[in-house]
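The next block holds one structure in the form of structure tokens; read it before the comments.
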Amino acid sequence: MSGRILVQPINGIGDITLILRNVHMTFDEDWKFIPRDGEKYVFIENVTSSVVPGSVNVNITNLFGGNKLLGDQMNIFLNENWKQLFKDLSPVIFKIFAEVLASSLNTITTDIPFDTMFPERIPK
């Protein structure tokens, strides 16, 4: 990792642990029905997501070339300022997450007919 978080320079090669608690998450998408071979299939597009955590805990290891004192202080700073950190980083993270979700769902919804996935009656 190398860059700035809020106004603090930050760099290092290590692990990051993010814990989001009491999360409210929504996904919105448009379904486009595609007729093929007498069946209708769904293509999912325009996926957006919204995530509102109750709290976020961050722990990044090996910051500043392994300087434990600076790394610990940066983790304290990040956890004290998690709301701003989340506000700054979440749009990019969850845009990518929404795109990956849509791509994953489309591998299913474009191969299995809509009526098979969502029958009017559940077969016995």
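Residues of the stretch 26-57 that are out of contact with any strand residue (DSSP E or B) (no Cβ under 6 Å at 6 or more places or on another chain) and either assigned to a strand (DSSP E or B) or charged (D, E, K, R) (or both): Pro35, Arg36, Asp37, Glu39.
The residue that is least open to solvent (accessible area, probe 1.4 Å), counting only those in the stretch 63-117 that are of a type in the set (Asp, Glu) and either over 30 Å from Ile44 (Cα atoms) or more than 21 Å from the chain's Cα centre (by Cα) (or both), is Asp72.
Residues that are loosely packed, with under 14 Cβ neighbours inside 10 Å and in contact (Cβ under 8 Å) with a residue 24 or more places away in the chain were ranked within the stretch 32-47; the one that is nearest to the chain's Cα centre (by Cα) is Glu45.
The values are calculated or read from the model by the stated rules, or taken from the named source; none is laboratory data. Keep in mind the model is a prediction, meaning the values are calculated, not measured. Note that each Cβ is placed from the backbone with ideal geometry, even for glycine, and that neighbours are counted across all protein chains shown. The area values use the complete protein model at the heavy-atom level, side chains included, leaving out ligands, DNA and RNA. Shrake-Rupley method; radii C 1.70, N 1.55, O 1.52, S 1.80 Å.
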